[in-house]
Structures are given as C-alpha cells and as structure tokens.
Amino acid sequence: MSIYDHFRPEEAVFVDRVIEWRNSAEQYYKMKLTDFLDPREQQIIDALMPDEAVRFYGGANGTERRRALILPPYYEPNVADFQIEVLRIQYATKFFSIEHRQMLGALMSLGLKREKYGDIFIGTDEIYLFVAKEIADYIIMNLQSVGKAKVSVSSAEGQRIILPAEEWTEKNGTVSSLRVDALLAEMFNISRQKTQLLIKGGLVKVNWKVVEQPSYECFNGDVLSARGHGRAKILSIDGKSKRDKWKIMYGLLK
C-alpha cells in the first residue's frame, strides 16, 4: 500500500512537501518553519512526522490555524521560534460592527497570502489578529479600514490573549449517502436543493477547502462548513440501517 492511499488525491502535493521537510530535518538537520496551516494540514503533518519532530503553535492556546516547526533531532524550540505577532485592531464599536469575513476580506485586499494570517478573534470592543512576524509592520502601516469602519492597528505584544473554547453539540442522524450535499442537508436541517446551491456558489468547505461538487464524498473526521449555517464535524460513521441509510454521529459547533 502506498502512503498516498491514506490521503485524498488532492492532498498529494502537500504530502510530498511534508515528506521533503521531514527528510531535510532528518538528513541535513535543517529546521523548517511553515506558514499558518489549517487543522487538516496539521493532521497530515502529524500523520507523517514522528511526535518529537514537529511542534505546532498559533500565537495562543486554543488557536485553530497554527504554524508548524519541523525540527532536527535534539532541538528544543521556544515560542520565539514560531515568529508570530499578535495585532490589536480597534475601531468605533459604537457605530460599526465587523464580522470575520469582512476582516479577512480587508486583509486579503492588502495582497498577502492567506497562509500568512492565523486566527482572527472578534471581541466585543476590539479584534485580535495572529500573523507571521515578517508581515506585522506592513499590516500596521497599510490596514486603515474594514468596510466603512476606520481602524487603528497596533502590536499587542505582551498581552495575554485567551480564546474561548469551542463547544460542540453531538447529534445522531441518517443520510442516504456520504455525499457532501446529503450530509449538509441532515446537519443543518435544510433541503438538499439548497445545499447544492450553496456548494455551486462556492460557499461550502470540507476540511477548510472549498468544494464545488455536490457529489464530493466525505469521510469520518471531516469538518464541513456552509456560510451562514455554521460548522459541523463527522464524529463517526456507524454502518447502515435496515433501510440502507448511513448512520452517523456528528457535532455542531455552538
């Protein structure tokens, strides 16, 4: 069995990259710091690396997007090795409300890759943004507005950021197939026709990647999200019922 049999075909390029990082660390004692990775990419690295050869950090405990440090033998990293800076974004909260997608859109308009940004935490009075250290000054100088709201950006170095823990509600259900459209219809209690429109509109992600085919097949552990409806995770696939439907347990993010 090939190592690629354990991953989806579209993940092969990333798998190759991880193997190259692993070989460089083992053979040439080279340390590799990645950009920010989504949780699925972190899972792939975990599967391909010995535990002692990789560390993850996203700027605070509880972050979802994290950088990976691929380590040569015997090297013990510290937080500074991850090269992450936390930025504080302030605006007139009395007059404006900023959502996650607006914040991300404003950042992407600066011309930098998504991989340079970690988590975005929208607080009551301010926003905290985790970024690669090399782009922090650029953002401070160039991010002046988000939508119609004028913003002020500064370093939050030295501040202790505590992110709220995710809470999932577990549910059981049955689906006719493990296609993404069928799963979304069950998880979010919407029609299959509507899920297909969301998918074709580029509003659905599986494992943090946009999928545009309603027939895309999902597996145990996959995380699904649909804009405007939330996020769900397949916790277990428990075989078929007497009516030939798949029995699943899934979690809904509160």
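The values are calculated or read from the model by the stated rules, or taken from the named source; none is laboratory data. Since the structure is predicted, the reported quantities are computational estimates derived from the model, not experimental observations. Because the Cβ atoms are built from the backbone with ideal geometry, glycine has one as well, and the counts that use them run over all protein chains shown. Protein only, heavy atoms only, side chains kept; ligands, DNA and RNA dropped before computing areas. Shrake-Rupley method; radii C 1.70, N 1.55, O 1.52, S 1.80 Å.
For this structure, a couple of remarks:
- The stretch 191-233, Cα convex hull volume normalised per residue, Å³: 68 Å³
- Cα-derived Rg to Rh of the stretch 135-254, Kirkwood definition: 1.14
- Taken about its Cα centre, the stretch 131-210 carries a charge dipole of about 400 debye when Lys and Arg each add +1 at the Cβ and Asp and Glu each add -1 at the Cβ.
- Over the chain: Kirkwood hydrodynamic radius from C-alpha pairwise inverse distances, Å: 20.3 Å
- Note on the stretch 147-246: lysine pairs with Cα distance below 18 Å, sequence gap of 8 or more or different chains, count 7.
- Multiplying each eigenvalue of the alpha-carbon gyration tensor of the stretch 1-131 by 5 and taking the square root yields semi-axes of 32, 17, 11 Å, largest first, rounded to whole angstroms.
- Of the listed residues F188, F95, the order by accessible area with a 1.4 Å probe, largest first, is F95, F188.
- Of the peptides 105-116, 190-201, the ranking by mean beta-carbon count within 10 Å, highest at the top, reads 190-201, 105-116.
- Within the accessible area of the chain (1.4 Å probe), percent carbon and sulfur: 48 percent
- Cα Rg, Dmax (largest Cα-Cα span) when computed across the stretch 135-175, Å: 18.6, 51
- Under 20 Å from the Y29 label point (7 Å along Cα→beta-carbon), backbone N, the stretch 55-89: 55, 69-78, 81
- In plain terms, the chain from Q83 to R17 could stretch by 21.7 nm, reckoned as 0.36 nm per residue minus the Cα-Cα distance.
- Cα→Cβ-extended label distance, 7 Å offset, between R160 and R227, nm: 3.8 nm
- Cα-based values for the stretch 58-189, radius of gyration first and Dmax second, are 18.3, 53 Å.
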